[in-house]
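K.L.:
Input: one structure, supplied below.
The values are calculated or read from the model by the stated rules, or taken from the named source; none is laboratory data. These numbers were taken from a predicted model, which means no experiment stands behind them. Because the Cβ atoms are built from the backbone with ideal geometry, glycine has one as well, and the counts that use them run over all protein chains shown. Accessible surface is based on the protein model in full, side chains and every heavy atom, while ligands, DNA and RNA are left aside. Shrake-Rupley method; radii C 1.70, N 1.55, O 1.52, S 1.80 Å.
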Amino acid sequence: MIYSSITGTGGYLPERIMENAELEQMVNTSDEWIKSRTGVVKRHIAAEGETTCDLAEHAAHKAMKAASASSDDIDLIIVATTTPDLIFPSTACLLQHRLGIRGTAAFDVQAVCTGFIYALAIADKFIKTGSTKKALVVGAETLSRIIDWTDRDTCVLFGDGAGAVILEASETPGIVSTFLHADGQYKDLLKVPSGISTDCTKIKDGNAFIQMQGNEVFKVAVNTLGRIVDETLSANNLKKKDIDWLVPHQANTRIISATAKKLDMPMDKVILTVDQHGNTSAASVPLALDVAIRDGRIQRGDKLLLEAFGGGFTWGSALIDY
Ligand code: COA
């Protein structure tokens, strides 16, 4: 049996930091409200001209260095993003070229905030079938480009960034299980209501923005993440106490705490970066993973539960013996 195992991680955040105080000057909000309702203290914002691929490239180099992987070794590239540089070619193709790689499969995955879990699950399956030996899996976003900076319901929540992992074929797990789900009946609760074949003038004019019914998203997210925790534990015959670290999508501290409570997990076993990064959508899980591996909290042999929830709705989990 072939398994896949994470051999390196990397993360990158744009230089510019936007504190809550700056948002107080832009919309009718307060540092206190943002911190208490979302947990966000600051977020990073891409510079003018800095693209999703730029962020992905930095994160990819760091992950490759950590895994001692060279460009020649990579035989699959998947980029999870909702904010690609171009309509096409895919950001994965642009990244492949930046890294000096030719001929490998390279494609984007669009599952909004669950994008990285989707991409990881796909790469895992490529490796398990024997068609891939070493995959570069990236979550990267410049969400600031689709935020209406006059809408206080959304602009306080999001940030830009990229996280990456190298996933390699291995004789032992590795990735123990992945579960992916979606339910399009919730399409209107969280969306950018324009695209190439709908209202494309908004895209051309730079007026395509995230719209969200925050309360409704919150309720469905908490319930759904509870269910995916149950599904993952029961499918693997695990008890709650078997999980060493929860690495959740960083949407809101209150949603994360609810999932931790479901696992009877103290918050010091939960990797929390939403305070420093905001919600970076597909980048949030690999960024959080990278932070906790680099600061030494996550150690080899630990059992990790990665989970995410996002627009669509989409949701998923990955159980990992690190
Ligand atoms: N600053 C100050 N006040 C704000 C505000 C802001 N940025 N946004 C909303 N408010 C106000 C509301 O107008 C409302 O005022 P009212 O009581 O006078 O009507 C009050 O705060 C409470 O609003 P509500 O929407 O009930 O707050 P909430 O506790 O649900 O928190 C969110 C709002 C958006 C933080 C929360 O619903 C949430 O996190 N939802 C999930 C969002 C998410 O994670 N999306 C991505 C999923 S991947």
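K.L.:
Below 18 Å, Cα to Cα, which aspartates and glutamates can Lys303 reach? Residues fewer than 8 away in the same chain don't count.
P.N.:
Asp124, Glu168, Glu171, Asp230, Glu231, Asp242, Asp244, Asp264, Asp268, Asp290, Asp295, Asp321
K.L.:
While we're looking at this one, here's another question. Can you give me the relative contact order of the range 74-170 as a percent, contacts being Cα pairs under 8 Å and 6 or more apart?
P.N.:
33
K.L.:
Where in the range 129-175 are there GluC sites (Glu not before Pro) that are in a DSSP coil and have at most 10 other Cβ atoms within 10 angstrom of their Cβ?
P.N.:
Hits after loop and neighbour filter: Glu171.
K.L.:
Further question: What's the center-to-center distance, using Cα atoms, between the range 220-277 and the range 149-178 in Å?
P.N.:
Measuring centre to centre over Cα atoms gives 15 Å.
K.L.:
Hey, if you put +1 on the Cβ of every Lys and Arg and -1 on every Asp and Glu Cβ in the chain, which of Asn20, Met267, His61 ends up farthest toward the positive end of that dipole?
P.N.:
Selected residue: Met267.
K.L.:
Moving on to the next point. Counting only heavy atoms of protein chains, what accessible area per residue, in Å², does the chain have with a probe of 1.4 Å?
P.N.:
Counting only protein heavy atoms, the per-residue value for the chain is 42 Å².
K.L.:
Quick one: of the DSSP bridges fully inside the range 177-321, what percent are antiparallel, nearest 5?
P.N.:
Taking every DSSP beta bridge within the range 177-321, about 75 percent pair in antiparallel fashion.
K.L.:
Moving on. So which GluC sites (Glu not before Pro) in the range 1-106 pass both tests, a DSSP loop state and at most 11 other Cβ atoms within 10 Å of the Cβ?
P.N.:
Those satisfying the criteria are Glu15, Glu48.
K.L.:
Report the longest stretch of the chain that contains none of the trypsin sites (Lys or Arg not before Pro) sitting in a DSSP loop with at most 14 other Cβ atoms within 10 Å.
P.N.:
1-101
K.L.:
I would also like to ask the following. Express the carbon and sulfur contribution to the solvent-accessible surface of the range 177-321 as a percent, rounded to the nearest whole number, probe 1.4 angstrom.
P.N.:
50
K.L.:
Let me ask something else about it. Past the 30 Å Cα-Cα mark, which pairs from Lys133/Lys219; Lys133/Lys240; Lys42/Lys269; Lys128/Lys239?
P.N.:
Violating the 30 Å Cα-Cα cut-off are Lys133/Lys219; Lys133/Lys240.
K.L.:
While we're here: Treating only the Cβ of Lys, Arg, Asp and Glu as charged (+1, +1, -1, -1), what charge dipole size does the range 3-172 show about its Cα centre? Round to the nearest 20 debye.
P.N.:
Charge dipole, the range 3-172, about its Cα centre: 520 debye, nearest 20.
K.L.:
Over the chain, what is the relative contact order in whole percent, taking alpha-carbon pairs under 8 Å and six or more residues apart?
P.N.:
Taking the mean separation of contacting Cα pairs over the length of the chain, I get 26 percent.
K.L.:
I would also like to ask the following. With a 1.4 Å probe and all protein chains left in place, how much of the accessible area of the range 1-125 comes from carbon and sulfur atoms, in whole percent?
P.N.:
53
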